[in-house]
1. Return the residue satisfying two criteria in turn: it lies in region 146-167 and is under 19 Å from the mean Cα position of the chain (by Cα) and of a type in the set (K, R), and of such residues it is farthest from L208 (Cα to Cα).
2. Pick out, from region 1-115, the helices (runs of 4 or more DSSP H) lying fully within it that include 3 or more residues that are within 30 Å of G211 (Cα to Cα) and of a type in the set (V, I, T).
3. Could you tell me whether any residue of region 117-129 is buried (at least 23 other Cβ atoms within 10 Å of the Cβ), part of a helix (DSSP H, G or I) and of a type in the set (S, T, Y)?
4. Pull up region 3-21, narrow it to residues that are hydroxyl-bearing (S, T, Y) and at pLDDT 90 or above, then point me to the one that is surrounded by the fewest Cβ atoms within 10 Å (Cβ to Cβ).
5. Which residues, taken from region 104-122, are closer than 13 Å to D94 by Cβ and not charged (D, E, K, R)?
6. May I ask you to verify whether A296 is aliphatic (A, V, I, L, M), outside the structural domain of R170 (by TED's automatic domain parsing), within 25 Å of the chain's Cα centre (by Cα) and not in a loop (DSSP other than H, G, I, E, B)?
7. Just a yes or no: is a residue in region 131-139 touching a residue at least 40 places away in the same chain (Cβ under 8 Å) and under 30 Å from G161 (Cα atoms)?
Amino acid sequence: MAEGRGELSSDYVVLIPFYSNVGYLRETLQSVVAQTDRRWRAIVVDDSPSDVGVADVVASFGDDRIEARRNERNLGVAGSFNRCFEIAVERRADLAMILHADDVLEPDYIATVRRAHDGSPDAACVATKVTVVGADGRRRRSLADAVKRAMWPRRVGRLEGERGLALLLRGQFFYCPGVSYRLAAVPLPAWNVRWEQVMDLELYGTILLGGGSIALEPRRVFRYRRHAQSMTQVNTATLLRTREETDVCRELAARAQDQGWVRAARAGRRRFSVRAQALVQAVGLAAARRWRESMACLAMSASR
């Protein structure tokens with residue numbers, strides 16, 4: 001936990017890990033500048049393999065609340081996320097988010113999550129609803145996003161305890177980039193560098209297993225962008241995402257079982273949405289005559 005840091009800053013810290021596409025980055029920063037709550041600082045953490053002009057984009061805003069930091073070496077996704085939180089702790093941040101460099105905040109995002117944190121001061125996170133958009137910024141609909149919307153619990157204001165973990169392992173119904181964090185309640189380092197895709201699910205499961213909670217914010221104050229070059233889409237296409245989701249659900253199920261949380265352990269073994277996704281992938285791969293990958297997805301869908 002990020003404890004014992006003296007007086008905390010009232011500025012909300014927006015951490016933006018960057019790897020590629022400065023065009024999206026400019027739009028992302030514009031959405032931060034447009035916040036109705038002006039008490040923020042934004043830090044772009046450049047993890048790109050070469051200098052692609054991040055500092056120039058940041059300088060073009062002429063806003064001293066925005067700065068750029070470049071990693072000395074490529075840290076990868078989880079490593080860069082950990083670096084983001086390290087910087088936030090150095091700045092004595094109380095509240096922070098990891099805003100992906102291709103996503104967009106609605107103007108009232110910071111004001112909304114700040115109120116939610118105030119209403120749930122012991123919660124480690126606030127998870128918001130999102131609007132899903134495509135590469136062009138227009139609203140986009142997909143089966144995966146429809147399932148997430150349907151799985152959002154209607155009469156639950158926060159995830160906590162065994163019930164919260166069971167809901168999470170049935171299917172992660174919120175989006176990591178739209179989550180806000182109270183750093184003092186988050187175990188640090190937060191992101192397991194073992195994973196390429198599912199370090200968020202492991203973190204949220206760890207928070208719940210440790211007695212923490214995640215507040216749920218029903219307002220749509222975030223725009224999540226789906227496009228072919230995003231890490232999520234690439235990892236889905238290569239099956240890495242499905243393999244990691246299968247593994248992390250099994251591991252969280254085992255930890256829940258050790259803790260005596262039988263219902264949560266059962267949800268982790270069943271992993272409803274992960275198995276459904278694997279089955280859908282298997283059908284699509286079979287249609288593309290990618291038989292070996294299709295059989296691998298079927299095996300992941302069938303196994304517990």
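1. Selected residue: R149.
2. By residue number, 76-90.
3. No: region 117-129 contains no residue that is buried (at least 23 other Cβ atoms within 10 Å of the Cβ), part of a helix (DSSP H, G or I) and of a type in the set (S, T, Y).
4. Keep residues of region 3-21 that are hydroxyl-bearing (S, T, Y), which gives 9-10, 12, 19-20.
When the remaining residues are screened for being at pLDDT 90 or above, the result is 10, 12, 19.
Values: S10: 12, Y12: 25, Y19: 19.
Here the answer is S10.
5. I110, V113, H117, P121
6. no
7. yes
For (1) within 22 Å of the chain's Cα centre (by Cα); (2) buried (at least 19 other Cβ atoms within 10 Å of the Cβ), each residue gets a yes or a no:
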position	(1), (2)
G23	yes, no
A42	yes, yes
S50	no, no
N74	yes, no
A88	yes, yes
P107	yes, no
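The values are calculated or read from the model by the stated rules, or taken from the named source; none is laboratory data. Model, not experiment: these values are computed from the prediction. Because the Cβ atoms are built from the backbone with ideal geometry, glycine has one as well, and the counts that use them run over all protein chains shown.
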